[in-house]
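*Asks:* First, the structure itself, so that you have it in front of you.
The values are calculated or read from the model by the stated rules, or taken from the named source; none is laboratory data. Everything numeric in this text was worked out from a predicted model, so none of it was measured. Glycine also receives a Cβ, built like all others from the backbone with ideal geometry; neighbour counts cover every protein chain displayed. We work out accessible area using only protein heavy atoms, side chains counted, and drop any ligands, DNA or RNA first. Shrake-Rupley method; radii C 1.70, N 1.55, O 1.52, S 1.80 Å.
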Amino acid sequence: MTVYTLNLRVFWPLVTCLCTALVCLYQAVRSRAGAPDSDSAPDSGSVPLLKGSALLLLGFLLLRYCASRSGSGECSQRPRAACSARCPEAPPSSAARRSLLENFYEQQLRLSPHVLGHSKAHVSRIVGELVRAAKAQGLQPGSLSPTLRGDFVQIGSAYEQHKVRSPDCFDILVPLRLPPRLELEPRCLGPEEPGLAPELRSAFTCALKAPQGAAWPRGYRPFSEGFCVELQGRRYLSSALVLRWFQGQVQRCLGAVLYRLQERCRISLAACPGRQLTLHILPRSDYVCCHISMAVRLIPAIPLGDSVYLVALHPGARKAQPAAARPLQALWGLNVSKQEQRLLSWLREQTPANSCHLKCLQILKGLRDLRGLGLEQPFGAQWSRVLSSYILKTALFSLLLRGPWQAWEEQFLAERLEDLVLYLRDCLQKRVLMHFFLGNASVPEAVPVPKLLKEAAPVNLLAAFDAPTLDLAAFQLLNTWNQAPKIIRMYSSPRYLRKSPTLYKHVTDTGQESQSN
């Protein structure tokens, strides 16, 4: 509901003019009614008119004076952030900035635990039935096609306690099981790969080793021809072919479970060639408390052990065709969401009970989204990629490990958020922000890291962006922090809030695992 405030500068002059007009009208009517006696008292009507006008004028000046005094007193007592519209040059104090950020978090970013819990339970129930039906359909004797393992892995910000605004987007990994006795040989390409585009330096290839030496048995040839590409005499598992098979498998199984789910919700499936499969869920009226349209992205994943998965590259990375002779469909992305969840759990144990590190991440994502509303294209699209949720989370991990833990108490929210902004600004200016798990020897020992990740080549998450883009992003990031009160007020009106929930949904970082907002 729109709230209107009274403008005293306009109100009191209008009241004065209206009262004066009424007095004049009254005197005119009275003079006409007493016209026969007008000769005896020719000036009797003018004196009350002048007195009334003078009294109204004095009252107006007195009220203006009182209003100006009370307004200045309130402005001096209120936090500076509330008065920055009159005094934009005065920076808000730490307490005022923290109060502003807290209000921004509570009013626009914070999710209701009740609604989030119901939404996650609803998604788990529907995806569970769909996956079990797909697994049962794939259990055919003698079949060498991939099958669903029968479980699913919940990933993304909704399951890491830092999702913002609305629980309407979810990411689900669906692990696949390859034919028996096939050995996987994953390898990270790394920056040394000749002619490789920066967007693909963290990509993996997955070679397949035949069960019996170098020659592929005749029984495995259908699988090799349907799901592999050949490169330099070796067969590599194709992410494009596996994704296409997975989409068809889920589409066939949805019809088998749709009749059991139609009483609880309406379900539709969006399957575009080369894109991840998206399940759209709209609960029916008996779920009134959580009547939210949800988009669930189903991502086929190849398990490598130790909760590490290969996933198909997202569309942004597919546009960067490498100059090398390596087919793009033979490349995979790496998903280490389970390791990140373990790291977040360990950090939760180390930091104080009232730690603000996740709130800092949520507020920074909210400021990023608001600032993106006012940026012109094409930089507006680059802004959301440079400051993707995965890059912001990686910067938070690196900053947290610098310690001390007690510095992340709730009372230091504004200071820690400023530290995060400055650290990220420095990374953008230096053009370096390394992947937290690939080739990183600084991961805490309490968080187990698989050998595959330890031995991988370090990967710079910012290598995909040119220097002018990173410099402009660093400038806009610092400007966003300095102008946070103004940006929050400017883009918090209803006409902007109607746009913001659909912005930056399922934004993924280049060459890395999918992460929803």
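*Asks:* For the range 128-142, does any single residue satisfy the condition of being more than 18 Å from Arg244 (Cα to Cα), within 29 Å of the chain's Cα centre (by Cα) and among the small types (Gly, Ala, Ser)?
*Replies:* yes
*Asks:* Here's something else I'd like to know. Among the candidates Ser143, Ser224, Ser166, single out the residue that is at pLDDT below 90, in a loop (DSSP other than H, G, I, E, B) and surrounded by 14 or more Cβ atoms within 10 Å (Cβ to Cβ).
*Replies:* Going through Ser143, Ser224, Ser166 in turn, the sole match is Ser166.
*Asks:* Keeping to the range 394-407, report how many residues are open to solvent by 10 Å² or more (accessible area, probe 1.4 Å) and touching a residue at least 24 places away in the same chain (Cβ under 8 Å).
*Replies:* Applying the first criterion (open to solvent by 10 Å² or more (accessible area, probe 1.4 Å)) to the range 394-407 yields 398-399, 401-407.
Now narrow it down to the ones that are touching a residue at least 24 places away in the same chain (Cβ under 8 Å): 398-399, 401, 405-406.
The qualifying residues number 5.
*Asks:* Now for a different question. Suppose the filter is modelled with pLDDT under 85 and crowded, with 19+ Cβ neighbours inside 10 Å; does Pro283 pass it?
*Replies:* yes
*Asks:* Within the range 100-140, which residues are open to solvent by less than 50 Å² (accessible area, probe 1.4 Å), farther than 26 Å from Ser388 by Cα and aliphatic (A, V, I, L, M)?
*Replies:* Ala121, Ile126, Val127, Leu130, Val131, Ala133, Ala134
*Asks:* Restricted to the range 369-393, and to residues that are among the small types (Gly, Ala, Ser) and touching a residue at least 24 places away in the same chain (Cβ under 8 Å), which residue is most open to solvent (accessible area, probe 1.4 Å)?
*Replies:* Looking at residues that are among the small types (Gly, Ala, Ser) and touching a residue at least 24 places away in the same chain (Cβ under 8 Å), I get Gly374.
*Asks:* Okay, moving on. Being touching a Leu at 6+ places or on another chain (Cβ under 6 Å), open to solvent by 40 Å² or more (accessible area, probe 1.4 Å) and at pLDDT 85 or above narrows it down to one residue among Arg252, Arg266; which is it?
*Replies:* Numbers: Arg252 fails: touching a Leu at 6+ places or on another chain (Cβ under 6 Å).
On inspection, the qualifying residue turns out to be Arg266.
*Asks:* When residues of the range 336-354 are filtered for being basic (Lys, Arg) and in contact (Cβ under 8 Å) with a residue 40 or more places away in the chain, how many remain?
*Replies:* 2
*Asks:* While we're here: Among the listed residues Leu477, Leu433, identify the single one that is among the aliphatic types (A, V, I, L, M), surrounded by 13 or more Cβ atoms within 10 Å (Cβ to Cβ), in contact with a helix residue (DSSP H, G or I) (Cβ under 6 Å, 6 or more places away or on another chain) and free of Cβ contacts under 8 Å to residues at least 60 places away in the same chain.
*Replies:* Of the residues listed, the single one that is among the aliphatic types (A, V, I, L, M), surrounded by 13 or more Cβ atoms within 10 Å (Cβ to Cβ), in contact with a helix residue (DSSP H, G or I) (Cβ under 6 Å, 6 or more places away or on another chain) and free of Cβ contacts under 8 Å to residues at least 60 places away in the same chain is Leu433.
*Asks:* Right, next: Modelled with pLDDT under 95 and touching a helix residue (DSSP H, G or I) at 6+ places or on another chain (Cβ under 6 Å): does that describe Ala271?
*Replies:* Values: modelled with pLDDT under 95: yes; touching a helix residue (DSSP H, G or I) at 6+ places or on another chain (Cβ under 6 Å): yes.
Answer is yes for this residue.
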